[in-house]
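In what follows, a single structure is set out as structure tokens and then discussed.
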């Protein structure tokens, strides 16, 4: 409980007896106790009770008057109840505590107030959340115990929140009313604690803090020490604001001046919560400055926070310094969190970079294979061209020989004069052969161009995404796409046609490869067309398996699926490579039926 009870929902009953008959001695300072305690409870630094909510019974005439007043307050209070008694305490023959009135000599306890009856009103007839009973009398420690030391319900009622009992002395000790002092010993220490504050104590004084400070003071003066009993957080009931404040240092003064400037309208100057901040007696916390965000620009708000943190760090009390260090820990935690997020982002970038390097490595290996294939094809094409040239030359020489043999001898005139060279004329068969070859070459180019017009590329649709895929510009340019997978266990990927044209075959080059140490492993692959098997194969006993696909189709398919997986072997291999080059749907353009 760190806030004061609601004044409108709280009540107090202050009972004091100063006039006694023999053999009990009068207690003249009790009247000062009542006046001082009422001033505290109705003042701005404590419960702020309206005067009508603070009942004072000075020298009550009967126990009934006392119990009626306590019953009325207990019935009305819903937040806080404070009951105080100052006077003589009496013990019955069986050890029960009685609160003596003016005409309550030891032999007439029926004229006194039985504490059990008062306790019943507080414990059973009151619904207040916070209940405090303070007894400044002899033997008041008996209020903490029942007969033979059994605990009383007031302190041990498990279902009642916030009960607290504070007594001036132990159960077998007498309280003191020193001569010449303004208050009794116990009540004087209690009032000084509330009115002067606790050095370096918390901003709000709860009953535990008050008890410890009062106990230290009385022990130091060799006087009876108080006793307490709390139940269900009763020791946290707030009694008053801590009025002690250290001398404001230059940091606190500068901060207070900035706050006064921010609140120069003066609306909050009289507020008991705000006034200590504006006087520099206390350092206004972060929440107080945050509440000014609507009326101050960002620059001034930032300056106030800077001044606040400086004042908190230089504060002489540990509680204010703790606020600074708690905020410092929050800032460091926030920075560490941001650093952790940045580290994770960098780690993610590194992971993506490593993945890209791995993909590039796969692409490089694939490109190396393609280069080897192109070089092999180029070698075969070169050999074929050389053979064709040689055959053509042989045919030409044979044709010329035949012409020379069949031609009649030339006359001297036809041979021309000595020293002249006759004009060479190509023979008709050679000319016809040249024209035929030219026409065939043009026709081949036209057929190849028409073939490219009648193909449909396949693009990735679903399943395992290839590690390397062509860009949109590559597909638009008509270049054959290369799809690359680096497979650890198995892979299944589905492709779809870019267009729905009339086609009747599936083409493309498929390469399956493994590292050299894994050549004993077996890899099986399969291509399905609309769920039906199109082709299958396997790689075993070698590092590479190449297939040129030319699969007949029954119309344009909706999807083409390629799959591959390890199928045997004992070697431990991290992955195998799968490359599908230029997968297309095409039209069979066989011009000559063989």
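Brief remarks on what is shown
- Protection-proxy order for peptides 503-509, 548-554, each taking the mean of Cβ atoms within 10 Å per residue, highest first: 503-509, 548-554
- Per-residue extension of 0.36 nm, minus the Cα-Cα distance of residue 357 and residue 19, leaves a gain of 111.8 nm for this segment.
- Between residue 261 and residue 111, the contour length at 0.36 nm per residue exceeds the Cα-Cα span by 47.8 nm.
- Per-pair calculated FRET efficiency, R0 = 56 Å: residue 233 and residue 302 via Cβ, rounded to 0.05: 0.90
- For the pair residue 519 and residue 221, label points projected 7 Å from Cα toward Cβ lie 10.4 nm apart.
- Gap separating the Cα centres of segment 36-80 and segment 93-136, nearest whole Å: 15 Å
- With R₀ set to 30 Å, the beta-carbon distance separating residue 200 from residue 288 gives a calculated FRET efficiency near 0.90.
- Distance (nanometres) between label positions extended 7 Å along Cα→Cβ at residue 325 and residue 274: 3.3 nm
- With a cut-off of 14 Å on the backbone N, the residues of segment 538-577 near the modelled label site 7 Å out from residue 526 along Cα-Cβ are 538, 561-567.
No lab work stands behind these numbers, since they all come straight from the coordinates. Here the structure is a predicted model, which means the values were calculated and not measured. A quick note on method: Cβ atoms are made from the backbone with ideal geometry, for glycine too, and the neighbour counts reach across all protein chains shown.
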